[in-house]
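*Asks:* I am attaching a structure below and will ask some questions about it afterwards.
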Amino acid sequence: VLPRLVQTTMDEINRFNSNYNITTKSRYNRVTEEIEKDLTAFNSMPVHYALSDRSMFIMSGMHSRTEMLDALSGDATNLKSVSRSASDLVFSEPLVMTALAMGNFAEETAGSIVKSIADGLQLPTGKSSPKASILHGEVHHVTPVVRLTKPIELRMVNPRPGDPNDVTVVSLINGVETIESQVLLGILGQILHTVTYNELRTNRQLGYVVEAGYGRLSNVDYLSAIVQGTALGADKVEEAIEVVFSKFMVKRLEKLTDEELMSYKDAMTDSLVEPPVQRSSEVGHFWEPVQLGGKCFHRDEAVLRYLNSTLVSRAKLLQVWKDLAMPSYGHRRKITVKYFNKKVPPQPDDMDVKRSMSKEGIPAEDIYRLVSERSVSSVFRKADSAARLKLAEEGGYYPLNIHCHLSQETEHALALEALQKKASAQEALAEPLLAALGKRAVEVVEAMEAEDVVTMLKSYAMLGKKPDSVLLNVLGDRVKDSAKELSPEDLLEVLDAFMQLRSKPQDDVFDAIGESIRKAAPRMDVGNITTVINEYLILEHSLDDGLQVALDRRVHRIAPYLSAAQLNALVLSYIGLWRSRLGLNSDGTQQHHRLSPSAYSALLEDVPGRLALASLCQRASALAPKMSAVEVVAVLQAFKTFWTMAEEAVQRHGSSNDEVKLKEMQRMQSLGQTLLGALGDRLGSVAMELPPADLAMILEAYAAFGQAPPPYTLKVLVQRLQNVVAELSADDVARTFAAYSKLKALSPAESS
């Protein structure tokens, strides 16, 4: 039966291709009338059209109803052009056959049927031969998707006449789908669905259609929330969805238990391993890899391997969610579609949005991100191919990649997990072996190469097994004797291993490591310098003067080339360093020991990092004109912390030498005032983007440095404070008043 059916079908196709006049005018008119009727009728729920409009913005090849109606009624569309469309639009291009054969017949039979189709297709006169066209063409297996560079929003009237509903669709685009993203976003989609439905449907009753979850457009995946209803306008519903994203999803993920996570994993596993039970589902099960040119037939096996590993954890889900829905930097790739039931209202005012979100208990940084996104979003009044072309010109398209395998990083992690499981199962057997190896290591340590000693320490740290004191001491002695043979990276790995083992090296080991690092300091990069300081601080060992000076000189040399982030990290390290030298705890309180007045006076004359801090301050001043609002706040906060701590320490220690005190405080204030002068203009440019808490800190910084802000900067800061005063916490209000009183005392005329 099947061969006869194929032959009959091929005969009809060939008859049509060989005779453009076979279609009658009446049939053509009837078909076009039916198409026009379909394009002008809106019989489905409006949410279906909203989802189509969302896809319209980024999916290549889609056209709006208006565009298709224009094409249908245009001069170019007529009986002749339609009759020739297969020839002109399909057979004029190179082709590749895609076929799926299913049923209880032999593979040879299936092959012969597919071959009969390829050989039996007769192309219109003047076209390439069937064999050349079908067997040697190349096609795209993946539909290109536009890469967004900023959030976009569609605002239009509900296209369904007389429908009273508003519709809101908020989609967060992730990027090209990987096996890892399919698993992580798939689980997040399950959780998002439940959280969104419970909050927006059950608790707030915003609509009878409330959906959320994971989806994919071509090779790009996303998470989305959808609400259709009459209770609230689309703008307010978007705010409610953002509350779910910023508040309720985070709470749910933070409280997710291991049992709940396993239930989500089981649900996804069941959906992957359940065999198709109907003919249509069987076709769908196999069709995608066939459509992709025979790729990814075994993709589900890789999905299951990753899904059932410990790599998919609550912490990982929370991290992925925050990166997608609450990124620390940059704007989300967010598509918002809003249908309004009568007319499109003006966009909500920023202050209204802030008040609403603040009442919902949304953190200030998340409110700041939302308002910041609004300022850069592109707003459209209709969705069509012209809008998509504009977006494509800005961001281009995602790569047409299909990921059939796990990333190399994930494969390595899975391999390590397998080894750890195996090691855990054999741990009881391995303990005697480790003890024997440790005992033998004590005997042969003198014959070990320096790198082998480093490897042993790292291995013990990786295993989480602390060597016995005898082995640890002999390994430390070997490091001391061979420190000059080791690279700075090896020495830092030694210190890192001691940290992980929660063991502090002997002083003479530290001295040898410090001397080798001192000699290597002129070649060290900023990352290694920061690591050296931080590891010494964590291990509670002071940098000797020679090492301190060498690091300071290196920082002085590389300071002009640092980024704002590198600069900020170094300043924070030096804050910890000076805290340690002054005998202060991390919160600024005094440790049990206290410097004598004479010792403190000597310390003031040789502040750790004086040369480096001055260079970092100069670099910060040079970077200021190009800093973002976030960078301005971070750098200013770091320097303010340092100088406030220094000033309090100067006052706290009872040096009888007031001249030394005054000299040091004047030096610190001079550096701070220089930095504030450079940051002043930039603050004036970015102040309107700052969260409320940062405004209080900025005023505190000016007060700490004994300098009032420049008039223009002060004016903008005051304006920004007036805009966000309703969002200030009790602590923000108190800090702002305290800073204001200090500035008032410094310069009554300016600060008023």
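The values are calculated or read from the model by the stated rules, or taken from the named source; none is laboratory data. All values derive from a computational prediction rather than experimental measurement. Note that we place each Cβ from the backbone using ideal geometry, even for glycine, and neighbour counts take in every protein chain shown. Protein only, heavy atoms only, side chains kept; ligands, DNA and RNA dropped before computing areas. Shrake-Rupley method; radii C 1.70, N 1.55, O 1.52, S 1.80 Å.
*Asks:* Where does the longest stretch of the chain lie that holds no chymotrypsin sites (Phe, Trp or Tyr not before Pro) found in a DSSP loop with 14 or fewer other Cβ atoms within 10 Å?
*Replies:* Numbers: sites that count: F105, Y208, F297, Y329.
So the longest stretch without any such site is 330-752.
*Asks:* Counting only the heavy atoms of the protein chains, how much of K640 is accessible to a 1.4 Å probe, in Å² to the nearest 10?
*Replies:* 30
*Asks:* Which of the following values of P(r) over Cα pairs in 20 Å bins from 0, in percent was calculated from the structure shown: (i) 12, 33, 34, 16, 5, 0; (ii) 13, 35, 24, 11, 7, 5, 3, 1, 0; (iii) 14, 43, 33, 9, 0?
*Replies:* Entry (i).
*Asks:* Another question, if that's okay. So between Y20 and D270, what do we pick up on full extension, going 0.36 nm a residue minus the alpha carbon distance?
*Replies:* Details: separation 250, 0.36 × 250 = 90.00 nm, distance 5.10 nm.
So the extension gain works out to 84.9 nm.
*Asks:* Can you tell which of P94, N19, L699 lies farthest toward the positive end of the dipole of the chain, using +1 and -1 charges on the Cβ of basic and acidic side chains (Lys, Arg; Asp, Glu)?
*Replies:* Ranked along the dipole, the leading option is N19.
*Asks:* Based on the mean of other beta carbon atoms within 10 Å per residue, what is the order of 514-523, 474-483, most packed first?
*Replies:* Order by mean packing, descending: 474-483, 514-523.
*Asks:* Still on this structure, please answer the following. Would region 135-196 count as rounded, prolate or oblate if I go by the C-alpha gyration tensor, calling it rounded below 1.5 in a/c and otherwise prolate when a/b exceeds b/c, oblate otherwise? It would help to have the intermediate numbers written out before the result.
*Replies:* Numbers: a/c = 2.29, a/b = 1.34, b/c = 1.70.
Judged from the Cα gyration tensor, region 135-196 comes out oblate (a/c at least 1.5, b/c at or above a/b).
*Asks:* Between beta-carbons, use under 14 Å as the cut-off and find the net charge around I558, counting Lys and Arg +1, Asp and Glu -1. Don't skip to the end; give the middle numbers.
*Replies:* Working: positive: R523, R553, R554, R557, R619; negative: D525, D552.
Overall, the nearby charge balance is +3.
*Asks:* At 7 Å along Cα-to-Cβ for each site, give me the label-to-label distance between D481 and D258 in nm.
*Replies:* Label-label distance for D481 and D258, simple model: 4.5 nm.
*Asks:* Which order do S313, S224, S542 take when ranked by solvent-accessible area (1.4 Å probe, heavy atoms of all protein chains), largest first? Please list the in-between numbers first.
*Replies:* Numbers: S313 35, S224 5, S542 75 Å².
Heavy-atom accessible area, descending, gives S542, S313, S224.
*Asks:* Assuming 0.36 nm per residue, please report the length gained on full extension of the stretch E411 to Y561 beyond their Cα-Cα distance. Write out the running numbers ahead of the final one.
*Replies:* Working: separation 150, 0.36 × 150 = 54.00 nm, distance 3.68 nm.
Gain in length upon complete extension: 50.3 nm.
*Asks:* Just to verify a number: FRET efficiency for N198 and T149, C-beta to C-beta distance, R0 = 60 Å, to 0.05? Each step should come with its number before you reach the end.
*Replies:* Numbers: r = 34 Å, r/R0 = 0.57.
Taking R0 as 60 Å, the efficiency between N198 and T149 is 0.95.
*Asks:* Follow-up question, since we're still on this one. For the residue pair E93 and A110, what label-to-label distance in nm results when each label sits 7 Å from Cα along the Cα-to-beta-carbon direction?
*Replies:* A separation of 2.7 nm, rounded to one decimal place.
*Asks:* Run the helix sum for the chain: -39,500 (n - 2.57) per DSSP H stretch of 4+ residues, divided by residue count, reported at 222 nm to the nearest 500 deg cm²/dmol. Could the numbers behind the result be given before it?
*Replies:* Values: 34 runs with 459 residues, N = 752.
Counting only the DSSP helices, I get -19500 deg cm²/dmol.
*Asks:* For H141 and H48, what is the calculated FRET efficiency with R₀ set at 35 Å and r taken between the beta-carbons, to the nearest 0.05? Could the numbers behind the result be given before it?
*Replies:* Working: r = 27 Å, r/R0 = 0.77.
Efficiency at R0 = 35 Å is approximately 0.85.
*Asks:* With every atom except the alpha carbons ignored, what do you get for Rg and Dmax of region 8-120, in angstroms?
*Replies:* Both quantities, over Cα of region 8-120: 18.9, 50 Å.
*Asks:* Here is a further query. As a test, work out the antiparallel percent of DSSP beta bridges whose residues both lie in the chain, rounded to the nearest 5.
*Replies:* 75
*Asks:* Now a separate question. Using a 1.4 Å probe on the protein chains only, how many percent of the accessible area of the chain belongs to carbon and sulfur?
*Replies:* Working: 20400 of 38500 Å².
In the chain, the share of accessible area belonging to carbon and sulfur is 53 percent.
*Asks:* Right, something else. Once you place label points 7 Å from the Cα toward the Cβ at Y208 and S459, how far apart are they in nm?
*Replies:* 6.9
*Asks:* Hey, another quick one. Give me the accessible area per residue for the chain, probe 1.4 Å, as a whole number in Å². Intermediate values should be presented prior to the final figure.
*Replies:* On the way: 38500 Å² over 752 residues.
The answer is 51 Å² per residue.
*Asks:* How much FRET efficiency would the formula 1/(1 + (r/R0)^6) give for K744 and K343, where r is the Cβ-Cβ distance and R0 is 30 Å, rounded to 0.05?
*Replies:* 0.05
*Asks:* Please compute the length gained on full extension between S85 and S542, using 0.36 nm multiplied by the number of residues separating them and subtracting their Cα-Cα distance.
*Replies:* Details: separation 457, 0.36 × 457 = 164.52 nm, distance 8.11 nm.
The S85-S542 span can extend by a further 156.4 nm.
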